[in-house]
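The numbers here are math on the coordinates, done by the rules we state, and not lab data. All figures in this text were calculated on a predicted structure; none of them were measured in a lab. We place every Cβ from the backbone using ideal geometry, glycine too, and count neighbours over all the protein chains shown.
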Amino acid sequence: LGEAQRPPGQDITTSKAVSSSSSLQQSLSAPTTSSDVESPAMQVMNTLAASILLHATNRVEAHMVQLELDVARIADDAFYQKRL
């Protein structure tokens with residue numbers, strides 16, 4: 001009864017990163033209007049740039065999630081050490 005239980009904070013952090021990356025994906029793949037007539041080369045460059053940006057953002061978000069989990073684990077460990 002006296003043992004403390006770890007709070008399930010990991011699910012919140014992970015779902016936050018997934019939702020923000022999916023919203024970025026939607027904004028990058030938003031259809032262009034008919035007034036945005038571009039050459040095929042420009043379309044390829046824009047698609048490539050969007051893909052690179054999305055990949056970099058996903059990697060940054062993954063590192064941020066890992067850092068948040070590490071901080072939460074360290075805080076939990078400190079809390080349990082204090083209780084012992």
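Karplus-based coupling profile of the range 71-78, in residue order and whole Hz: 5, 5, 5, 5, 5, 4, 4, 5, with θ = phi - 60° in 6.51 cos²θ - 1.76 cosθ + 1.60 and x standing for Gly or Pro.
Label the range 40-84 by shape, choosing from rounded, prolate and oblate, from the square roots a ≥ b ≥ c of the eigenvalues of the Cα gyration tensor; if a/c is under 1.5 it is rounded, and otherwise prolate applies when a/b is larger than b/c, oblate when it is not. Prolate, since a/c reaches 1.5 and a/b exceeds b/c.
Note on the range 40-84: with charges restricted to the Cβ of Lys and Arg (+1) and Asp and Glu (-1), its dipole about the Cα centre is near 60 debye.
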